[in-house]
Amino acid sequence: MANSGLQMLGFILAFIGFVGLIASVALPQWKASSYSGDNIVTALAIYEGLWMSCAAQSTGQIQCKNFDSLLKLDSTMQATRALMIASIFFSGMAILVASLGMKCTTCFAEDKQKKNRIATIGGGIFIFGGLLALIATSWYGNRIAKDFNNPFTPTNSRYEFGSTLFLGWGAAGLCIIGGAFLCSSCSHGAGPPKQYPKSRAAPAGGKDYV
């Protein structure tokens, strides 16, 4: 029962991470305009994501514009897009694979060893998808930090980490932790049952042998 609970916990955490990955890709707040230094104009806030840039006014109006061309984007943006989409793809595949190996499902119920292997594979795919997202968000965050600390970057062109970037980090961590729980819950008892030698019966007739 303990392994089943750990397995269910890992699947739930990884599934929440999968939903978080989708939300992080869709939302535009990957980086937000900075108000440090002499830039004290707070009437307009600029956000930028993987697909669009948005301008939010103090009155509550938000205007967004999609990026015009993929080829005009820098390599960091293109690589981040590709890694995040790949992370969502592998995490979605992991949900299908892990659900087949879950102890609460009836698939492959007659072969527990195969069921454990399938759940372990699903957990491994979750970890791989989470690592892809972690690489993408860390790479993007490193680019923001470099531009912010670059003395040649104009003050009104500096950005800070947006809320969606933190969401991406959290989602990646949940996928990795959930996948690790899935793998660890299936590692116990996955081997073949031990075979114990049969005890020899005492010789009949009660004769003693020297």
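A Förster radius of 25 Å, combined with the Cβ-Cβ distance separating GLN113 from MET8, puts the computed FRET efficiency at roughly 0.80. Less than 5 angstrom separates the built amide H of LYS31 from those of GLU48, GLY162, all sequence-distant by 5 or more or on a different chain. Element breakdown for region 42-182 at a 1.4 angstrom probe: carbon and sulfur atoms account for 65% of the accessible area. Backbone geometry of region 55-67 corresponds, through the Karplus equation with coefficients 6.51, -1.76 and 1.60 at θ = phi - 60°, to 3J(HN,Hα) couplings of 10, 10, 8, 5, 7, x, 6, 10, 10, 10, 9, 6, 5 Hz, x marking Gly and Pro.
The values are calculated or read from the model by the stated rules, or taken from the named source; none is laboratory data. Just so it is clear, the structure is predicted and the values come from calculations on it, not from any experiment. In this analysis, Cβ positions are derived from the backbone assuming ideal geometry, glycine residues included, and neighbour counts consider all displayed protein chains. Only protein heavy atoms, including side chains, enter the accessible area calculation; ligands, DNA and RNA are left aside. Shrake-Rupley method; radii C 1.70, N 1.55, O 1.52, S 1.80 Å.
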